[in-house]
1. What tally of residues in region 235-281 results from selecting those that are free of Cβ contacts under 8 Å to residues at least 40 places away in the same chain and either on the phi > 0 side of the Ramachandran plot or among the aliphatic types (A, V, I, L, M) (or both)?
2. Take region 226-244 and flag every residue that is surrounded by fewer than 16 Cβ atoms within 10 Å (Cβ to Cβ), of a type outside the set (D, E, K, R) and under 23 Å from SER265 (Cβ atoms).
3. Is there a residue in region 333-353 that is over 30 Å from PRO268 (Cβ atoms), at pLDDT below 90 and of a type in the set (Ser, Thr, Tyr)?
4. Within region 1-15, take every residue that is of a type in the set (A, V, I, L, M) and farther than 16 Å from ILE67 by Cα and give me the one that is surrounded by the most Cβ atoms within 10 Å (Cβ to Cβ).
5. For region 411-418, check the following and say yes or no: at least one residue is modelled with pLDDT under 90 and in a strand (DSSP E or B).
6. If you go through region 74-89 one residue at a time, do you hit one that is part of a helix (DSSP H, G or I), modelled with pLDDT of 85 or more, among the charged types (D, E, K, R) and assigned by TED's automatic domain parsing to the domain that holds PRO147?
7. Filter the helices (runs of 4 or more DSSP H) completely within region 94-203 down to those with at least 3 residues that are of a type in the set (D, E, K, R).
8. Scanning region 266-297 for residues that are assigned to a strand (DSSP E or B) and of a type in the set (D, E, K, R), which turns out modelled with the lowest pLDDT?
Amino acid sequence: MFQLLQPSWLFALAGISVPVIIHFWNQRPGRILKVGSISLVPEEAKEYRRSLQLSDLLLLLLRCLLIATLAVVLANPNWKKPFNASKQKGWILISKKNLKETYSHFKPQIDSLYKSGFEFHYFNEGFAKEKLEDALAKKEDSAISLPSYWKLAESLDATIPSPIPVDIFTDNYLEHFSGNRPTLSFQPNWFTYTPPDVAAQTIAENKDTTTLNISIFTDKYNNDARYIKAAVDAIQSFSKRNIHSAVISNGKQISSKQDWIFWLSDLPFDENTDAKNIFYYNSGKQQNISSVINTGENVRQPALLYKSITNTDSLKNEGKKIWEDGFGNPVLICTNRNTKNYYSFLTHFDPSWNELVWSDNFPAIIYNLLFRQTGASLSKDNDRLIDPKQLMPSYKPVTEMDANTQSFKRIDISGFFWLLVLALFFAERHVSFYNTKLKTNG
């Protein structure tokens with residue numbers, strides 16, 4: 001079935017009138033016949049006639065066909081071919097990038113599906129079909145770019161012959177599920193695994209049964225405290241570590257033996273507080289700045305920095321620079337005194353000061369700060385895993401009208417029409433040259 005996806009371009013067919021007008025305009029004038037005398041020619045009433053006749057009909061036809069074909073090409077012609085879904089038992093989809101690793105995790109299940117008649121397709125753009133044994137025999141290309149799994153699922157929804165079972169096998173890196181979770185007209189069986197390096201790190205962390213005690217003190221910077229508390233809660237949910245955190249407004253309520261104290265206040269803190277790490281706002285002079293905060297994370301876009309503090313304490317000289325701005329100036333400085341680590345923060349956890357708390361990498365930044373002494377790290381681009389509850393796309397049942405639409409496969413045939421345009425163009429040029437040559441010689 002022939003179909004035009006952009007039929008509005010058919011208005012270009014009005015251009016056919018151009019060669020027709022040109023042909024009418026280029027009427028050849030009548031010839032003057034010279035005679036010896038007109039005295040014997042009887043005089044009759046003068047009669048004037050003007051007739052419009054088309055000349056070079058073949059050339060006119062070729063030009064009209066050329067314009068019409070070009071209009072059809074612009075209208076994006078497609079051929080709708082019915083699917084024969086009954087011949088396909090289902091699809092197995094695995095990404096090229098980590099094909100062998102994924103296969104090794106689900107080998108019995110994948111082999112069973114493949115032997116039962118499921119087709120193997122790459123979970124990459126185009127969803128190319130191949131024999132599974134041939135795909136496993138090929139050398140993997142580590143440079144393959146991997147788009148969002150959710151974007152691929154959306155493309156798959158428009159490609160898969162419906163209705164057939166679909167089994168997708170992928171890792172569960174959060175970075176591979178970027179963008180909005182799609183709504184699909186089919187329900188895939190989506191199986192994920194945790195890569196070995198992340199699995200080893202998670203096991204090691206879960207063996208740590210100690211409790212990390214965190215106190216977040218604030219008097220007037222309540223929103224700042226909420227951002228820190230939310231990040232700590234997210235870390236606890238993901239890492240499954242034992243973390244106890246609390247937001248307090250009275251310094252006397254801080255319990256002893258704290259691992260971390262976030263002193264989000266302009267008031268001075270008590271250095272005799274029983275805590276291993278004290279994070280506090282530097283109380284220097286505020287200044288406006290247009291820069292970014294580099295936290296050492298592998299992020300595509302560092303957080304913008306609007307306000308900072310002019311450092312006034314001795315930490316600038318004796319401390320270690322942990323975070324810096326785009327000019328290399330310190331944003332977070334750490335110094336060790338009397339077995340305690342003091343972190344002087346030269347800005348605030350406030351969107352009016354910077355966009356750090358709005359970064360989707362903010363929990364990873366706080367994680368790396370809390371556990372930097374243990375060597376543990378959490379990178380947004382490498383180690384974060386998606387929650388199984390957030391994995392599956394939404395499902396929208398297919399209506400009868402949609403089912404009829406999805407029972408066809410669209411085949412782009414614009415390439416054929418482009419060849420036809422070229423053929424007509426060369427034919428028109430040949431005929432035009434031939435006609436000009438005849439008129440010159442005639």
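1. 6
2. ALA230, HIS244
3. The answer is no, given that none of the residues of region 333-353 is over 30 Å from PRO268 (Cβ atoms), at pLDDT below 90 and of a type in the set (Ser, Thr, Tyr).
4. Per the stated criteria, the residue is LEU4.
5. Scanning region 411-418 turns up at least one residue that is modelled with pLDDT under 90 and in a strand (DSSP E or B).
6. Within region 74-89, not a single residue is part of a helix (DSSP H, G or I), modelled with pLDDT of 85 or more, among the charged types (D, E, K, R) and assigned by TED's automatic domain parsing to the domain that holds PRO147.
7. Passing ranges, in order: 107-115, 149-157.
8. Restricting to residues being assigned to a strand (DSSP E or B) and of a type in the set (D, E, K, R), the top hit is LYS285.
The values are calculated or read from the model by the stated rules, or taken from the named source; none is laboratory data. Here the structure is a predicted model, which means the values were calculated and not measured. All Cβ positions, glycine included, derive from the backbone under ideal geometry; neighbour counts span all protein chains shown.
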